[in-house]
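Please read the structure below before turning to the comments.
Computed from the coordinates by the stated procedures, all read-outs in this text should not be read as laboratory data. This structure is a prediction, so every number in the text was calculated from the model and none was measured. Here the Cβ positions follow ideal geometry from the backbone for every residue, glycine too, while neighbour counts run over all protein chains shown.
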Amino acid sequence: MNYDETIRFLKEFTEAKGISGNEKEVSRLMKRYLEGYADSFEYDNLGSLIAKQEGTGNVKVMICGHIDEVGFIVSKIEEDGFLRINPVGGWWAHVLPSQKMSVVTYDGKCYMGVVGSIPPHGMKPEVRNKVMEIKDLYIDLGVASKKEIEELGINIGDSVIPYTEFMVMNNPDYICSKAFDDRIGAAVCVEVMRRLKKEDHPNTLYSVGTVQEEVGLRGARTATYHVKPDVAIAVDVSMSYDVPGGGQGDSKLGAGVALSVMDSSVIAHKGLVKMMVDICKEKNIKFTYDSLVAGGTDSGEINKSYDGVINMTLSLPCRYFHSHNSVVNIKDYEACVNLLVEFIKKLDENKLQELYESKR
């Protein structure tokens, strides 16, 4: 894809609605963009999309990005028509009051609402300065009663999804939308397979859109058992430290793809990290390193499947994820795509054996 095509793709991909457990709209979209590039499509029983592309060899490589996003479900309908919500994935309630939300019913009807927020006038300081708990928040759909909510077809368990319009920012390398965690990673997996359709590679490639990552890496586990990969790379977002008070770290917008050496769920395969570093240096792909003491990715389930899978995570720096508006840099996306394309072209049975031997 060129820049304009990539922007259109990322806009459609991130604006799609798909909280954990309700990802079908996104998996259908991912499948559409891979039509003509994958040789076959399958789903596991949780709903992860598994696209397969035959190469010239037998090494099975799985690249994955999770397609679910954080959101909420309706937990209670008040008599006056307000909706109480339970979180799906991790939220800091400070980012929620006054934000727009889409409420999607089981049969696909969508209604707009807003998270209620009380004006600060007359509040005591201890109330005004305290972050509200999610249990105290509610969705206002602009109706007068529970009966009106029921007439709309809204029920307990329906999805509540952040509403954000995609935006190219003042520097066109910077783009803002919801759900870059982790539609940007799934988009990388789409673009890699599309590019490799035009080139020979000595592998069987699986591009996977995993589900339910935000609630426990669940789709990664079932997809891994479905594919049984020799090597697996998770692509996800990570902290971008280039903001006021952002802490210390090399991962930042424009720094390139971040090679994740460790997080709370996985220690990257050191032979695989070295291979990625060598490719970046050889091909002049901009990269940095990343490590997190808290948080994990799909790699946390992938690496310990069966008797262990050669695995690591490639990260994309991202500002403000797990909120309505997150920001990424398109050049980091391109660096990640370029690295994975070169890696898959280089990996063969001999390289796979070298990776095995690096641990023995």
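Some points to look at:
- The Cα-based radius of gyration and maximum Cα-Cα distance (Dmax) for the range 277-360 are 15.2, 45 Å.
- Listed by Cβ neighbour count within 10 Å, with the fewest neighbours leading, Leu355, Leu10, Leu83 appear as Leu355, Leu10, Leu83.
- In order through the range 32-48: 3J(HN,Hα) via Karplus (6.51 cos²θ - 1.76 cosθ + 1.60), integer Hz, x for Gly, Pro: 4, 6, 9, 4, x, 10, 8, 7, 7, 10, 9, 10, 7, 6, 8, x, 5
- Added length on full extension, which subtracts the Cα-Cα distance from 0.36 nm per residue, Lys146 to Asn58: 25.9 nm
- Each residue in Cys176, Cys64, Cys110 was given a count of other beta-carbon atoms within 10 angstrom of its own, and listing them fewest first yields Cys110, Cys176, Cys64.
- Which of Phe72, Phe166 has the fewest Cβ neighbours within 10 Å, and the rest in rising order: Phe166, Phe72
- Selected from Ala186, Ile7, Ser240, residue furthest toward positive end of dipole (the chain; charges at beta carbon): Ser240
- The range 97-125-the range 268-315 distance, computed between alpha-carbon centres (Å): 39
- Calculated mean residue ellipticity, 222 nm, the chain: -9000 deg cm²/dmol, from DSSP H runs (n ≥ 4) at -39500 (n - 2.57) each, averaged per residue and rounded to 500.
- Charge dipole (debye, nearest 20) of the chain; +1 at Cβ of Lys and Arg, -1 at Cβ of Asp and Glu: 380
- Largest-first principal axis extents of the Cα set of the range 72-162 (Å): 43, 29, 18
- Alpha-carbon centroid distance for the pair the range 163-210 / the range 47-68, whole angstrom: 14
- For the chain, built as a Gaussian network whose Cα springs stay under 10 Å, the top-fluctuating residue of Ser20, Ser260, Ser40: Ser40
- Given charges at Cβ of Lys, Arg, Asp, Glu: the range 305-360 dipole, positive-most of Ile310, Asn325, Phe343: Asn325
- Each Lys or Arg adds one and each Asp or Glu subtracts one; over the other residues with Cβ under 11 Å from the Cβ of Leu83, this totals -1.
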